[in-house]
Amino acid sequence: ASPVFPATATQWNAGAPSKWTDSEHRAFVQALESVGEKGGPSPEDWGAIAVAVPTKSLHEVKRHALLYLHKLNTERTIVSSQPPQSN
């Protein structure tokens with residue numbers, strides 16, 4: 001079972017946000033999707049998601065989720081608002 005809270009002190013150190021690498025983002029998305037299957041992250045899930053990206057703090061993971069989900073919603077809105085293309 002995944003721990004409820006991050007396992008390292010680094011996880012709790014919010015610090016200044018740093019750029020996310022491709023591998024960090026992939027680990028984040030995979031962890032987010034695994035909890036998303038049950039309807040989205042619960043408060044306990046954030047710790048497990050943060051553990052999947054040990055180089056980022058819990059705060060950074062939550063902020064990344066907010067920005068990532070906002071971007072996905074914006075892209076879906078743009079796609080759904082475009083008129084159908086004629087062939």
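Starting from region 57-73, take each residue that is over 15 Å from Pro41 (Cα atoms) and list its partners that are assigned to a helix (DSSP H, G or I), counting only C-beta distances under 6 angstrom and pairs at least six apart or across chains.
Going by the 6 Å Cβ cut-off, the qualifying pairs are Ser57/Gln11.
Given the conditions (1) at pLDDT below 85; (2) loosely packed, with under 13 Cβ neighbours inside 10 Å, report the number of the one that Asp22 does not fulfil.
(1)
Residue-wise test of (1) touching a helix residue (DSSP H, G or I) at 6+ places or on another chain (Cβ under 6 Å); (2) over 18 Å from Trp20 (Cα atoms); (3) at pLDDT 80 or above.
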{"position": "Ala52", "(1), (2), (3)": "yes, no, yes"}
{"position": "Leu58", "(1), (2), (3)": "yes, no, yes"}
{"position": "Lys71", "(1), (2), (3)": "no, no, yes"}
{"position": "Ser86", "(1), (2), (3)": "no, yes, no"}
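The values are calculated or read from the model by the stated rules, or taken from the named source; none is laboratory data. The model shown is predicted, which means the values in this text are computed figures rather than measured ones. Glycine gets a Cβ as well: all are built from the backbone with ideal geometry, and neighbour counts include every protein chain shown.
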